[in-house]
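A short reminder: the numbers here are calculations on the coordinates, not readings from a lab. Here the structure is a predicted model, which means the values were calculated and not measured. Glycine also receives a Cβ, built like all others from the backbone with ideal geometry; neighbour counts cover every protein chain displayed.
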Amino acid sequence: MIIPCEVAAKSVIPALRAMVARELMEGYGMKQEAVAEGLGVTQAAVSKYRHQVRGEAVELEAAEEVHKMSSDLAASIAGHASSLDVAQKFCQSCTDIRALGLMCETCRRVDPAWDVEHCTICFGNHSCNETIRIETPSIAKYRKIPIVG
């Protein structure tokens with residue numbers, strides 16, 4: 001049995017960190033050491049994010065909504081937001097990414113027996129705060145697996 005939060009911790013969070021790390025380096029001109037400190041990871045991890053060696057288990061780049069989340073996170077980190085605020089934004093972003101259906105294929109790869117077609121765990125009403133809201137019509141628009149009634 002898989003638990004979607006575990007899949008998210010190993011796929012969504014690293015992929016989002018990679019996007020944020022690249023934005024901080026390219027958009028804000030931050031050095032790897034400063035990015036590592038802001039993300040709470042090692043400089044080696046940031047180097048791997050930069051070279052797309054780490055954080056590529058789930059495809060997030062194609063979703064415009066995720067680019068907004070990544071930009072907001074990068075701006076918060078560059079603006080020296082508190083660790084609590086950054087953590088809260090990461091948690092909300094992860095929840096919203098899951099609600100978009102971007103993790104469904106990853107769950108299928110992790111556990112081929114998982115009934116992804118009927119799973120609605122990530123589409124539930126749960127969040128860490130109310131900062132980011134995904135509009136109902138966009139939910140699951142990236143989901144590659146049709147939702148069967």
- With each label point set 7 Å from Cα along the Cα-Cβ vector, what nm distance links Ile121 and Ser47? 3.5 nm
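Past 20 Å, Cα to Cα: identify those pairs from Lys10/Lys48; Lys68/Lys89; Lys10/Lys31, in the order given. Spell out each step's value before the answer.
On the way: Lys10/Lys48 15 Å; Lys68/Lys89 12 Å; Lys10/Lys31 25 Å.
The answer is Lys10/Lys31.
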- Please arrange Thr42, Thr120, Thr95 by counting, for each residue, the other beta carbons lying within 10 Å of its beta carbon, fewest first. Thr120, Thr42, Thr95
- Query: Hey, rough spin-label estimate for Lys31 and His67, points 7 angstrom out along Cα→Cβ, what's it come to in nanometres?
  - Reply: 3.0 nm
